[in-house]
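First the structure, in the form of structure tokens, and then the observations on it.
The values are calculated or read from the model by the stated rules, or taken from the named source; none is laboratory data. Not measured: the values here are computed from a predicted model. Note: ideal-geometry Cβ built from the backbone for every residue, glycine included; neighbour counts use all protein chains shown.
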């Protein structure tokens, strides 16, 4: 078994980060041992060979939740082909093995724990931590799963020094998810007339009106099409529904409506999953969160264990704790609304960490990597450019055998605006094996 020695300062933080890097990413078991005389993290293989990463952050820092501990100099290491958030760009061979100047543990902990979002108080109009406030966006590495890259560097060092245990295979997986903000556009005949009337305010009203008249059924009822695409490629979709709440709530719809109840049953029968999508208001109301979740569980024939925050409204670490306390297994909210990419620096599910209680939680985070509206509405890119960016991100996930988590709303399908974007979704979830 791999032995890792380091000082006992911030032991819980170090142990959790190494668990994600080694066990979650590589499938490598390890044990830790305190060594107060070390200046770094020493990895000792069964054959006695060692490699060391410098400790620049936790060595003398037991309390880190302050802005002056944020990375001050981010460097792109040519020696290791990784991004260093703490430490220095240094790599050398020693008689015992290898020595690296990057503080790998602190860099990975920074991305995974999202403690950056706790100490940086900037928020957007929806109370969200904005992408442009993040170190990853400021320094241009949001498109890289840097934590997976750190794990790959460790794997490279292990093999270079004679590690002879097999690494479990990591299989690339597409995870199609669909947040159901509006199951239908037209709940009654008058709604369709309102849609047609609204077309007169568009740039090409006659073309849009003709488009709407050609639709034989509700444009937001794309559920069977989305399930067909997932099944064709061998995936299972996750449909995150909102619970019962007052009509004054954001994106309200009647959960007990016959269309909705039959839809949930059909999704289950076809082998797909029902998830939870707490309302806009539930972000700051724990009782509302619990009541909405219970209403989803009441109408579902099977357990509801996963989901995503509406509008990606998230507070570190409060939201993770709320999901865990409600008995949920997986959250998938950690993606930026404005820009696709690796908000947590990783492309696979991982156990999360509470930076206030300073302990590992049982809840898993399955980071959201790409969302339909990010490029179409926030960035206003072309369909061609969006596909190019999405496929580049997907290629990075494939490289690391990760989980390509995609959010495509059921409402982003059969409308004049979204019709051309269908090609993007069909391509980015394609099974190429």
Note to self: Within the stretch 84-139, considering only helices (runs of 4 or more DSSP H) that don't extend past its boundaries, which have at least 2 residues that are under 25 Å from residue 11 (Cα atoms)?
What the structure shows: 104-113, 115-119
Checklist line | Check on residue 343, modelled with pLDDT of 95 or more and in contact with a helix residue (DSSP H, G or I) (Cβ under 8 Å, 6 or more places away or on another chain) | finding: yes
Next item on the list: Hey, can you tell me all the residues within the stretch 24-36 that are in contact with a strand residue (DSSP E or B) (Cβ under 9 Å, 6 or more places away or on another chain) and either under 14 Å from residue 103 (Cβ atoms) or surrounded by fewer than 16 Cβ atoms within 10 Å (Cβ to Cβ) (or both)?
Entry: 29, 31, 33, 34, 35
Next item on the list: Would you check which residues across the stretch 323-339 are buried (at least 19 other Cβ atoms within 10 Å of the Cβ), touching a strand residue (DSSP E or B) at 6+ places or on another chain (Cβ under 6 Å) and more than 19 Å from residue 136 (Cβ to Cβ) and list them?
Entry: 323, 331
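Residue-by-condition table, conditions (1) in a helix (DSSP H, G or I); (2) at pLDDT below 95; (3) in contact with a strand residue (DSSP E or B) (Cβ under 8 Å, 6 or more places away or on another chain); (4) not assigned by TED's automatic domain parsing to the domain that holds residue 315:
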position: 249; (1), (2), (3), (4): no, yes, no, no
position: 256; (1), (2), (3), (4): no, yes, no, no
position: 261; (1), (2), (3), (4): yes, no, no, no
position: 267; (1), (2), (3), (4): yes, no, yes, no
position: 274; (1), (2), (3), (4): no, no, yes, no
position: 294; (1), (2), (3), (4): yes, no, no, no
Note to self: So for the stretch 366-374 (the condition being surrounded by fewer than 23 Cβ atoms within 10 Å (Cβ to Cβ) and under 19 Å from residue 11 (Cα atoms)), does at least one residue qualify?
What the structure shows: no
Checklist line | Residues that are closer than 28 Å to residue 235 by Cβ and out of contact with any strand residue (DSSP E or B) (no Cβ under 6 Å at 6 or more places or on another chain), drawn from the stretch 151-177 | finding: 151, 152, 155, 166, 167, 168, 169, 170, 171, 172
Item checked: Residue in the stretch 363-380 that is in contact (Cβ under 8 Å) with a residue 40 or more places away in the chain, farther than 28 Å from residue 315 by Cβ and assigned by TED's automatic domain parsing to the domain that holds residue 331 present -> no
Next item on the list: Would you be able to tell me the number of residues in the stretch 407-423 that are closer than 29 Å to residue 169 by Cβ and in contact with a helix residue (DSSP H, G or I) (Cβ under 6 Å, 6 or more places away or on another chain)?
Entry: 1
Next item on the list: Please name all residue pairs, on different chains or six or more residues apart, with Cβ atoms under 8 Å, provided the first residue is in the stretch 258-282 and is within 17 Å of residue 236 (Cβ to Cβ) and the second residue is in a loop (DSSP other than H, G, I, E, B) and at pLDDT below 95.
Entry: 264/300; 265/301; 268/300; 268/301; 268/302; 274/300; 274/302
Check: Limited to the stretch 67-93, what total is found for residues that are out of contact with any strand residue (DSSP E or B) (no Cβ under 8 Å at 6 or more places or on another chain) and closer than 25 Å to residue 34 by Cβ?
Finding: 2
